[in-house]
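Here the structure is laid out as structure tokens; the discussion comes afterwards.
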């Protein structure tokens, strides 16, 4: 596997580098929903376009990592399904969906994975876990009341990539998530207890129930279907990676 990128997900996928020589994994680009300059979106688009041309020329498969966050799946009443429809709520979600369309229409062999909130070592500071840890340690944390997040261990993401590619999964979209979204308040409580800190909480009402359907993932990668689809999985993921922050 040719891994394009040098960040968190590229590092996590590194063990697969010696396998799947016909696959190009795009593990670079925009990875957050903050104040992102247009040039950052343009750079990712140009990279994907270039790699698609290479894949077409060389007969390789493009693995594109998209998002299963609330930026993509904004319907509070239905779990996000790969078969759509989807109505992205911000520039980040619209950008990822647009690139998915380019990949699907390119004619190149491809696999699109929509990732929920991945948790693991070496995450960039703007992502959920390091951002919350930083706030808790500062003594003040902002909590979006009513918001939910689907956490998935980066090790499970790597397992999903390995199994899906090995089994020849192609020309489709697969959600890679736990299927067990939890309230942000639970995540903050668990982190504070694990770090042994207390912080003043600033609440903002932002009702955002968020669920991701993982039926397709579990059908294609039954090894991941045995995980508990409840709050226990989220707690286990947080506990696995909290030591790096202590």
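The values are calculated or read from the model by the stated rules, or taken from the named source; none is laboratory data. Just so it is clear, the model here is predicted, and its values are computed rather than measured. Here Cβ is always computed from backbone atoms with ideal geometry, including for glycine, and neighbour counts include all displayed protein chains.
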* Is it the case that some residue within segment 35-58 is in contact with a strand residue (DSSP E or B) (Cβ under 6 Å, 6 or more places away or on another chain) and either within 21 Å of residue 119 (Cβ to Cβ) or modelled with pLDDT under 95 (or both)? -> no
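Every residue, every condition in (1) more than 30 Å from residue 38 (Cβ to Cβ); (2) surrounded by 14 or more Cβ atoms within 10 Å (Cβ to Cβ); (3) in contact with a strand residue (DSSP E or B) (Cβ under 8 Å, 6 or more places away or on another chain); (4) modelled with pLDDT under 95, yes or no:
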| position | (1), (2), (3), (4) |
| --- | --- |
| 111 | no, yes, yes, no |
| 125 | no, no, no, yes |
| 128 | no, yes, yes, yes |
| 147 | no, yes, yes, yes |
| 153 | yes, yes, yes, no |
| 168 | yes, no, no, no |
| 197 | yes, yes, no, yes |
* Asked: For segment 216-240, what are the residues that are in contact with a strand residue (DSSP E or B) (Cβ under 7 Å, 6 or more places away or on another chain) and farther than 19 Å from residue 183 by Cβ?
  -> 216, 217, 220, 240
* Of all residues in segment 3-24, which are free of Cβ contacts under 8 Å to residues at least 40 places away in the same chain and either more than 30 Å from residue 90 (Cα to Cα) or outside any loop (DSSP other than H, G, I, E, B) (or both)? -> 3, 10, 14, 17, 18, 21, 22, 24
* So residue 115, is it surrounded by fewer than 20 Cβ atoms within 10 Å (Cβ to Cβ), in contact with a strand residue (DSSP E or B) (Cβ under 7 Å, 6 or more places away or on another chain), within 22 Å of residue 6 (Cβ to Cβ) and touching a residue at least 24 places away in the same chain (Cβ under 8 Å) -> no
